[in-house]
Amino acid sequence: MRSVVAPPAAGRPRSALPGFGLSLGFAITYLSLIVLIPLAGVFTKAAGLGWDGLWQVLGEPRVLSALKLSFGTAFVAACVNAVFGTLVAWVFVRYEFPGKRLFDATIDLPFALPTAVAGIALTALYAGNGWIGQWLEPAGIKIAFTPLGIVVALTFVGLPFVVRTLEPVLRDAEKELEEAAASLGATRWQTVTRVILPAVLPALVTGFALAFARGVGEYGSVIFIAGNLPQVSEIAPLLIIIKLEELNYGGAAAVAVAMLVISFTLLLAINTLQAWSNRHRQRSRAAPALPHPVLQGEGS
Amino acid sequence: MNQATDHSLLDPPQLPFEPLLQRNAVVTEQPWVRWLLTAAALVFLGFFLLLPLVGVFTEALRHGLGVYWQALTDSDALDAVRLTLLVAAIAVPLNLVFGVAAAWAIAKFEFRGKTLLTTLIDLPFSVSPVVAGLIYVLLFGAQGWFGPWLIAHDLQIIFAVPGIVLATVFVTFPFIARELIPLMQEQGNDDEMAALSLGANGWQCFRYVTLPNIKWGLLYGVLLCNARAMGEFGAVSVVSGHIRGETNTMPLHVEILYNEYNFAAAFAVASLLAGLALVTLVLKSILEARHGGELSTSRRH
């Protein structure tokens with residue numbers, strides 16, 4: 001009963017606005033019913049297998065290779081996006097060129113285009129007779145129906161995460177710092193790698209992690225182009241569906257839990273990183289601007 | 001009123017600062033480097049984003065308008081369109097109400113566990129859509145916890161419309177809330193406090209002060225939420241059961257047609273969804289251009 005003695009301000013809303021109890025109560029109830037309780041159900045189901053059962057499912061060669069494939073291809077795709085996403089963000093923030101507004105809008109296409117549509121479109125492009133596939137296949141590069149196809153699909157899906165995370169940070173980066181670097185004798189390359197890159201690195205890592213997390217769980221755009229060969233190009237989400245169709249609910253839950261645990265760890269890392277970089281940015285901003293001698297004398 | 005101010009000493013805003021900076025070679029690259037980087041970025045975007053989009057429409061119209069039209073007016077296709085619209089019409093308003101409530105609590109008040117709540121709201125984004133479907137099968141499926149009870153009462157959630165709605169609500173859960181929370185935090189409480197001090201009650205304060213302030217951000221969130229709700233595939237695929245004419249949404253219909261090697265029809269239905277995506281992008285760009293100041297900072301261009 002310590003709360004009775006506690007000062008009334010502690011833990012109470014400090015705002016005079018109404019509706020705190022109602023809105024928070026509703027939000028938490030809805031969140032619990034739709035997200036938290038159902039998600040807890042997966043963990044309960046997997047826990048029902050016991051440690052041994054859980055390890056047995058996760059130790060199956062088919063499950064292991066599916067998890068490895070999902071995380072591996074998502075990692076490669078996120079790396080590709082980190083490089084090209086940075087390039088795209090840089091070009092769109094720093095340069096002017098005709099058609100910029102139009103291209104800028106298309107960057108969000110993967111957010112807006114249903115994944116199944118992206119899936120069949122990419123498959124049509126990269127299949128042996130497709131627009132791109134017909135040029136690559138003679139060169140011995142098969143993309144559709146191989147793990148490479150999965151990487152292509154995940155690159156498509158993840159690109160906007162990197163670009164949209166980087167853009168605001170690049171836009172806010174202070175050009176004064178670059179001028180200072182240049183005036184101190186740095187070459188442009190040194191300025192870019194030692195002044196700009198460190199400043200945008202936290203955002204880049206965040207974008208990378210977001211693209212990676214999305215790629216791990218991605219289903220719609222992948223299953224069409226993957227070919228879905230067990231132990232070769234069968235992703236973890238597909239394996240969950242297969243186990244469900246076999247009415248192996250426990251097995252499905254076990255694979256899901258493995259994916260969730262890894263994704264949640266990642267989410268936690270992103271949030272910690274973001275909190276850290278926000279604090280970092282605020283601290284560097286917090287330095288008070290020195291009053292300008294001329295303007296001060298003039299104002300009043 | 002100092003007449004003899006030396007203007008050369010004034011702060012940069014009085015000088016032609018920006019043009020000077022743009023011409024300033026030390027803070028940009030050589031022209032050929034700029035050109036090369038721009039070309040590389042545009043080629044990448046062209047190959048990875050534009051080509052698939054163009055491909056959808058080309059494939060859809062490959063066998064002429066007649067085949068295209070036939071595929072779209074097929075009764076199964078029309079049922080799929082109807083179901084997709086119905087599901088979005090239920091899921092989006094639900095998440096709208098939640099988004100406003102959550103944003104009101106989080107942005108306008110201080111309380112313990114706020115960061116945790118914000119993180120939990122984003123949770124569905126980091127859950128695979130397939131897992132989103134799975135969790136409801138585990139709860140409401142025939143072998144799930146509530147399965148026997150549901151069967152005894154002749155209720156069906158999985159392999160029926162309620163399951164599709166639930167799965168859609170889950171995957172679109174954070175969209176509106178995460179648009180509103182930063183926006184309302186930036187706006188602060190001053191307007192609402194003024195309204196209250198002038199005698200408005202809580203509802204009036206929300207209806208006439210908060211709502212007009214957040215309307216464009218709200219619309220932005222609804223737009224993104226709706227695009228995802230209509231296009232969701234993985235989560236819906238798990239709970240739908242793929243019953244033609246009954247539990248087939250448009251994306252699922254695309255899959256069925258594609259797996260039957262009926263590519264023209266599959267791409268025809270897909271082109272409708274791609275059209276939806278394009279409309280979404282256009283509206284989104286318009287919102288950003290016209291009302292950027294009334295969206296959260298991260299959305300301004």
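Quick notes
- Packing, taken as the mean count of other beta carbons within 10 Å per residue, orders the peptides A:93-104, A:149-160 from highest to lowest as A:149-160, A:93-104.
- FRET efficiency estimate (nearest 0.05) - Cβ-Cβ, B:GLN156 to A:VAL261, R0 51 angstrom: 0.95
- Pairs of Cα atoms nearer than 8 Å and 6+ residues apart set the relative contact order; for chain B it is 27 percent.
- Inter-label distance, nm, simple model (7 Å from Cα along the C-beta direction), A:GLU60/A:LEU33: 3.5 nm
- Accessible surface calculations at 1.4 Å, restricted to protein heavy atoms, place chain B at 47 Å² per residue.
- Pair A:LEU136, B:PHE146: separation of 7 Å Cα→Cβ label points (nm): 4.5 nm
- Helix runs (DSSP H) in chain B reaching 27 Å along axis by Cα, Kyte-Doolittle at least 1.0: B:75-108, B:263-291
- Mean projection area, nm², convex hull over Cα of the stretch B:143-301: 13.4 nm²
- Cα gyration tensor shape for the stretch A:185-270, rounded if a/c is under 1.5, else prolate or oblate: prolate
- Over the protein assembly as shown: Kirkwood hydrodynamic radius from C-alpha pairwise inverse distances, Å: 26.3 Å
- For the stretch A:92-198: rounded, prolate or oblate by the Cα gyration tensor [a/c cutoff 1.5]: prolate
- When Rg and the Kirkwood radius Rh are both evaluated on Cα atoms of chain A, their ratio Rg/Rh stands at 1.08.
- Put the Cα centre of the stretch B:42-61 next to the Cα centre of the stretch B:253-301 and the gap is 13 Å.
- Sulfur and carbon atoms: percent of accessible area, the stretch A:50-282 [1.4 Å]: 67 percent
- Solvent-accessible area of A:CYS79 with every protein chain in place, 1.4 Å probe, in Å² to the nearest 10: 50 Å²
- With all protein chains modelled, accessible area of A:VAL57 [1.4 Å, Å²]: 20 Å²
- For the stretch B:53-183, the Kirkwood hydrodynamic radius from C-alpha pairs, put into Stokes-Einstein at 20 °C and a viscosity of 1.002 mPa s, yields a diffusion coefficient of 120 µm² per second.
- Cβ-defined net charge surrounding A:LEU102, 14 Å radius [Lys, Arg +1; Asp, Glu -1]: -1
- Residue-by-residue Karplus 3J(HN,Hα) for the stretch A:40-47, coefficients 6.51, -1.76, 1.60, Hz, glycine and proline x: 4, x, 4, 5, 4, 4, 5, 5
- Comparing Cα centroids, the stretch A:38-105 and the stretch B:152-176 end up 25 angstrom apart.
- Under the simplified labelling scheme, the A:ARG101-B:ARG244 pair shows an inter-label distance of 4.6 nm, with each label point 7 Å from Cα along Cα→Cβ.
- Order by protection proxy (mean Cβ within 10 Å, highest first), peptides B:85-94, A:186-195: B:85-94, A:186-195
- In the stretch A:39-198, Cα pairs under 8 Å separated by at least six residues give a relative contact order of 27 percent.
- Peptide A:237-245 has a mean of 4 when you count, residue by residue, the C-beta atoms of other protein chains within 10 Å of its C-beta.
- Modelled label reach - B:LEU72, point 7 Å along Cα→Cβ, the stretch A:105-123 residues with backbone N closer than 18 Å: A:114, A:117
- Surface per residue (accessible, 1.4 Å probe) for chain A, Å²: 49 Å²
- Helical contribution to [θ] at 222 nm, DSSP H n ≥ 4, -39,500 (n - 2.57), averaged over chain B, rounded to 500: -22000 deg cm²/dmol
The values are calculated or read from the model by the stated rules, or taken from the named source; none is laboratory data. For clarity, every value in this text was computed on a predicted model and none was experimentally measured. Ideal geometry is used to build each Cβ from the backbone, glycine not excepted, and the neighbour counts take in all protein chains shown. SASA here: full protein model, heavy atoms, side chains in, ligands and nucleic acids out. Shrake-Rupley method; radii C 1.70, N 1.55, O 1.52, S 1.80 Å.
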